[in-house]
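Worksheet: one structure, shown below.
The values are calculated or read from the model by the stated rules, or taken from the named source; none is laboratory data. All values derive from a computational prediction rather than experimental measurement. Please note: Cβ atoms are built from the backbone with ideal geometry, for glycine as well, and neighbour counts cover all protein chains shown. We work out accessible area using only protein heavy atoms, side chains counted, and drop any ligands, DNA or RNA first. Shrake-Rupley method; radii C 1.70, N 1.55, O 1.52, S 1.80 Å.
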Amino acid sequence: MRALQIEAARRFYLEDSSKIEIGRELGISRFQVARLLQSARASGVVRIHIDEVYATRDDLAQDVSRAFNLQMTSVLDSAPEETVDQRRGSLGALAAQQLQSLLSSDDVLGLPWSRSVSATVTALSGLPPVDVVQLSGARWEPDHSSAPADVVRDAASLGRGRPYRFHAPFVASDAAAAASLRRDPAFLAAQARVPAITVAVVGVGAFDPEFSTLYTAATAAEIDELRVAGAVGEVSGVFIDVDGYPLTGSFARRLITVRADQLRGIPDVIGVCMGDERAGAVAAACRGGLLNSLVVDVPLAHALLRGD
């Protein structure tokens, strides 16, 4: 085990080999390489000093990965005095670092509307030539101006890949309007590319007006319907119960976004989120197979391990 840790770490940190390249050379998957690197850092085989705005907790990352059988977990140890926006920026920088080490030219990247996703793309310094596919429409927020079509374009331009994007709201006025938007050629082109996605970065919202940008877009009747169904949160507009089972209903019919089965079909869906208030939603999404990697902060990691 130690020999593999050393070999993987040497190639990754000293030779700038990607996790995919290391996996091919060692005969293991890139996710096994990620676990080797995490264990190498946790056991002291690798010691890193980085003058960055964030630090990580590899011990917590390993515990969360084991608890939820995840492919990869990174835990941000942010300073207590940081604002929410500063923490989101640091979390996005950490997610960007993971994404850049994970992607190769063989991959296809999926991105929905999310503040955390936008922060991740903003922090990227480069990508291989990957196609980038938009997964959802846009939700307007006063303090968030990046539309998913712009985020997809920006990410694709980093590696000169092809963007598959469309212009549509996240929440249509009614089910008929949503059905019409789903017939748009640009939306259909993006949907046709979804089965090819190998890595997606998504946000997670709790079933609470303060911790979900979609909650406030639902009507009182739709909220009641979701509450009765047992909603605990949503992943890119896919509302789920405590077991991660996707919930349908009147609000779901108004959403322009990826379906639960499409998310489950993506080999690596990375949830980027922070705050212990989202623990129930994140845990449910992991149980339901909608997330298989996480980039979270320390409060959320602790809440996940406590079973909050």
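The figures follow:
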| quantity | calculated |
| --- | --- |
| Region 173-303: C-alpha gyration tensor shape, a/c 1.5 cut-off, then a/b vs b/c | oblate |
| Most to least accessible of R88, R193 (protein chains only, probe 1.4 Å) | R193, R88 |
| Gained length - R10 relative to D261, 0.36 nm times residue gap less alpha-carbon distance | 86.5 nm |
| Label point distance in nm, D59-E82, each placed 7 Å from Cα along Cα→Cβ | 2.0 nm |
| Among F211, L76, Q100 - extreme Cα towards positive end, dipole of region 68-212, charges at beta-carbon | Q100 |
| Mean Cβ neighbour count within 10 Å, used as a protection proxy, ranking 285-297, 265-277, 150-162 highest first | 285-297, 265-277, 150-162 |
| Under-5 Å amide H pairs with I270, H placed in peptide plane, nonlocal only | A200, V201, V202 |
| Principal axes of the chain: Cα extent on each, largest first, Å | 59, 42, 34 |
| Å² per residue, accessible surface of region 206-308 at 1.4 Å | 37 Å² |
| Apportionment of accessible area to carbon and sulfur, the chain, percent (1.4 Å) | 51 percent |
| Surface accessible to a 1.4 Å probe, R306 within the full protein complex, Å² | 150 Å² |
| Extension gain, A179 back to S125 (0.36 nm per residue minus Cα-Cα distance, nm) | 15.7 nm |
| Gyration tensor (alpha-carbon) shape descriptor, region 181-227, a/c threshold 1.5 | oblate |
| Under the Karplus curve 6.51 cos²θ - 1.76 cosθ + 1.60, θ = phi - 60°, whole-Hz ³J(HN,Hα) for region 13-19, x wherever Gly or Pro sits | 8, 9, 9, 6, 6, 7, 5 |
| Phi-based couplings in Hz for region 299-308 (Karplus 6.51, -1.76, 1.60; Gly and Pro marked x) | x, 5, 4, 4, 5, 5, 6, 6, x, 4 |
| Student exercise, the chain dipole from Lys, Arg, Asp, Glu Cβ charges, in Debye to nearest 20 | 920 debye |
